[in-house]
Amino acid sequence: MRRLDGRIAVVSGGASGIGRATAKRLATDGAVLEIIDKDDASPVCAEIAAMGGTAQNNRCDLTDEKQIAAAVQSIEVRHGKVDILVNNAGVLTPRKAWHLKSRDELERFMQVNYLAVYSLTQAFYPLIKKSTYGRIVMVGSRTVFVGTPGMAGYIESKAAVMGLTRVLALELGIEGITVNAVAPGMIATSGTRANSEEEAFDRMTAMQAIKRRVEPEHVADLVAFLASDDAAMITGQTIVCDGGSFLH
């Protein structure tokens with residue numbers, strides 16, 4: 001028996017990157033996937049189907065509460081509950097000095113990286129309460145701990161997510177729901193590659209205790225663990241996945 005057999009798992013931002021790898025890993029463990037993304041996740045759903053799994057594509061702008069409500073309603077009709085929620089969707093823009101960033105840029109980070117996470121979790125909470133399981137996993141960022149020049153706005157939005165993780169762990173623990181966060185380092189996703197030079201990955205790898213690139217699948221493995229029975233008594237934690245670069 002696979003450790004997530006029959007579990008209903010929602011993954012936001014599952015069309016690409018860490019979300020895509022997470023959706024496929026949870027499906028490998030037996031979960032039924034509901035992918036929420038503003039982009040088309042049907043290719044990922046097809047990959048999961050080819051693996052023998054089940055996945056549904058839900059197109060949704062996570063800054064629009066009406067679209068969130070419609071996605072939640074559709075998932076409730078199909079399953080009646082949600083066991084696992086992975087809040088992965090987010091935005092990352094090219095680095096820019098803090099004093100050159102506009103209020104609109106800062107608000108965009110908070111809208112997508114934090115407020116959308118809050119709204120999505122709030123909207124799915126009634127369905128998670130209907131489960132006797134209950135796992136919520138947030139995707140934060142290692143940059144919150146170390147600070148990175150040019151990433152003002154992004155870092156603060158991820159810090160808010162990691163703070164929300166601790167608050168919800170306390171408020172939802174009485175209901176048996178665990179809430180944890182993963183904090184990836186520099187992951188070789190299409191989004192990160194679009195905003196970083198190739199040499200930056202080599203520099204980061206050189207700083208790591210483990211001298212190879214951290215891939216989306218490594219983060220997906222950690223999410224799958226936190227979503228499983230093996231992590232039943234772990235809550236309110238943020239776990240860094242960066243190959244040991246945080247040790248420097």
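If the condition is being hydrophobic (A, V, I, L, M, F, W, C) and either touching a residue at least 60 places away in the same chain (Cβ under 8 Å) or out of contact with any strand residue (DSSP E or B) (no Cβ under 9 Å at 6 or more places or on another chain) (or both), then the stretch 55-69 contributes only A69. A single member of S12, S42 is in contact with a strand residue (DSSP E or B) (Cβ under 9 Å, 6 or more places away or on another chain) and closer than 19 Å to N113 by Cβ, and it is S12. Just one of the numbered conditions (1) closer than 12 Å to A181 by Cβ; (2) out of contact with any Leu (no Cβ under 7 Å at 6 or more places or on another chain) is not true of L106: (1).
Taking each residue of the stretch 73-96 that is in contact (Cβ under 8 Å) with a residue 12 or more places away in the chain and looking for partners that are surrounded by fewer than 19 Cβ atoms within 10 Å (Cβ to Cβ) and among the basic types (K, R) with beta-carbon atoms closer than 7 Å, six or more apart or interchain, yields G80/K130; K81/K130; V91/R108. Based on this model, can you work out whether Q111 counts as surrounded by fewer than 20 Cβ atoms within 10 Å (Cβ to Cβ), of a type in the set (S, T, N, Q) and either without any contact (Cβ under 8 Å) to a residue 40 or more places away in the chain or within 24 Å of A224 (Cβ to Cβ) (or both)? No. Here are some conditions: (1) at pLDDT 95 or above; (2) part of a loop (DSSP other than H, G, I, E, B). G150 meets all but one. Which one does it not meet? Among (1) at pLDDT 95 or above; (2) part of a loop (DSSP other than H, G, I, E, B), the lone unmet condition for G150 is (1).
Of all residues in the stretch 114-130, those being in contact (Cβ under 8 Å) with a residue 40 or more places away in the chain and among the polar types (S, T, N, Q) number 2.
The values are calculated or read from the model by the stated rules, or taken from the named source; none is laboratory data. Note that this is a predicted model, so its numbers are computed, not measured. Here the Cβ is made from the backbone with ideal geometry for all residues, glycine too, and neighbour counts use every protein chain on show.
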